[in-house]
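I have placed the structure first, in the form of structure tokens, so that the comments after it can refer back to it.
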Amino acid sequence: MTTTDRERRPRKKRHPLRWLTALLVFAVGGPLWFRWQCWGLQATRTEVALDGLPSGFDGYTIAHLSDLHGHEYGPGNEDLLRLVREQNPGLIVVTGDLIDQESQLAMVPALAQGLAAIAPTYYVTGNHEWATQGGTGAVKALKSVLTQCGVKVLSNQYEVLERNGARIVLAGVDDPNGYADQTTPEELYAKIQKENPGLFTALLAHRNDHFGQYANAGYDFILSGHGHGGIVRLPFMGGLVGTDRRLFPPWTAGVYTVGKSTLFVSRGLGNNTVPFRGFRLFNRPELAIVTLRKG
């Protein structure tokens with residue numbers, strides 16, 4: 001190509017408006033997308049096949065809430081309650097870290113009454129309730145409010161559920177942050193087997209990372225939270241950061257099996273965790289809807 005040809009070749013036009021538009025979209029859309037990642041509530045559905053589940057509980061649907069950390073989805077948590085109601089669950093379970101601070105007790109009645117009006121609702125403590133400024137006093141107050149609002153609190157206790165002529169045990173344990181001399185999960189399971197030998201036993205327990213302990217104790221099915229989905233979820237790799245700040249922690253979301261025990265972990269509804277409050281990525285808050293299937 002000659003010099004004359006290069007001189008005659010038209011120059012590409014620059015389009016600064018396109019760049020400005022792209023920057024504007026990124027500046028506005030980026031924060032909105034990130035907020036949606038942190039607070040974009042969704043209902044997820046999972047079917048769990050369980051060996052030993054009585055036929056009468058095949059198709060039983062559980063709404064699993066965990067790790068709300070005092071957050072409100074709309075005034076009085078009306079958005080969360082609406083979403084739970086739309087799923088028409090047969091049972092609702094709350095597996096701890098409902099609040100972080102004693103002052104957040106004020107948001108509990110509206111949520112508790114709303115849940116109890118939808119379906120039988122059960123609650124167990126998480127580590128954050130025991131770590132509030134009020135400590136054991138705050139936990140006692142929380143349990144009292146929940147009970148008054150129609151939620152059944154399981155403090156190292158159990159109930160027998162009946163459906164279609166079948167029976168299973170629903171047990172619940174307080175978080176290890178609680179009383180030092182509390183009944184252990186192993187002791188509770190032994191009591192259940194003594195009083196209800198052979199019954200399928202489901203356990204509500206906040207800490208997902210204690211799955212090995214619960215499996216060794218003999219529980220058939222465990223519902224937990226605590227892991228927050230690993231904060232950031234990576235394709236084909238799962239959760240990135242554990243609540244103990246460990247990289248690539250196990251059992252952060254979904255269904256897992258150890259021996260004859262099955263665990264379901266909710267990614268949770270709130271964000272008070274590492275690396276800092278209000279951070280989630282590819283890991284939106286979930287109302288987990290778990291349907292039991294006979295394995």
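The values are calculated or read from the model by the stated rules, or taken from the named source; none is laboratory data. For clarity, every value in this text was computed on a predicted model and none was experimentally measured. Reconstructed Cβ throughout: ideal geometry from the backbone, glycine too, with neighbour counts over all protein chains shown. Accessible surface areas use protein heavy atoms only, side chains included; no ligands, DNA or RNA. Shrake-Rupley method; radii C 1.70, N 1.55, O 1.52, S 1.80 Å.
The dipole here belongs to the range 41-177: it is taken about the Cα centre, uses +1 on the Cβ of Lys and Arg and -1 on the Cβ of Asp and Glu, and is about 380 debye.
Going by accessible surface with a 1.4 Å probe and the largest first, 103, 261 read 103, 261. Each of 70, 168, 214 was scored by the projection of its Cα onto the charge dipole of the chain, and the greatest displacement toward the positive side belongs to 70; charges sit on the C-beta of Lys, Arg, Asp and Glu. Placing +1 on the Cβ of every Lys and Arg and -1 on the Cβ of every Asp and Glu, with no other charges, gives the chain a dipole of roughly 2020 debye about its Cα centre.
Of 111, 98, 65, which is the most mobile in a GNM of the chain whose springs link Cα atoms less than 10 angstrom apart? In this elastic network of the chain, the residue with the biggest mean-square fluctuation among 111, 98, 65 is 111. At an R0 of 22 angstrom, the distance between the Cβ atoms of residue 85 and residue 39 translates into a FRET efficiency of 0.65. Positive contributions from Lys and Arg (+1) and negative ones from Asp and Glu (-1), summed over other residues with Cβ under 11 Å from the Cβ of residue 172, come out at -2. Entry comment: accessible area of the chain is 49 Å² per residue, from protein heavy atoms only and a probe of 1.4 Å.
Quick one: compute the contact order of the chain, relative version, from alpha carbon pairs under 8 angstrom and 6+ residues apart, as a percent. In percent, rounded to a whole number, it is 25. Between residue 237 and residue 46, the contour length at 0.36 nm per residue exceeds the Cα-Cα span by 66.8 nm.
Taking all Cα-Cα distances within the chain, those exceeding 34 Å account for 25%. In the chain, the DSSP-assigned H stretches of four residues or longer account for a calculated mean residue ellipticity at 222 nm of -9000 deg cm²/dmol, using -39500 (n - 2.57) per stretch and the full residue count as denominator. Placing a label point 7 Å from the Cα of residue 162 along the Cα-to-Cβ direction, the residues of the range 181-212 whose backbone N falls under 19 Å of that point are 195-202.
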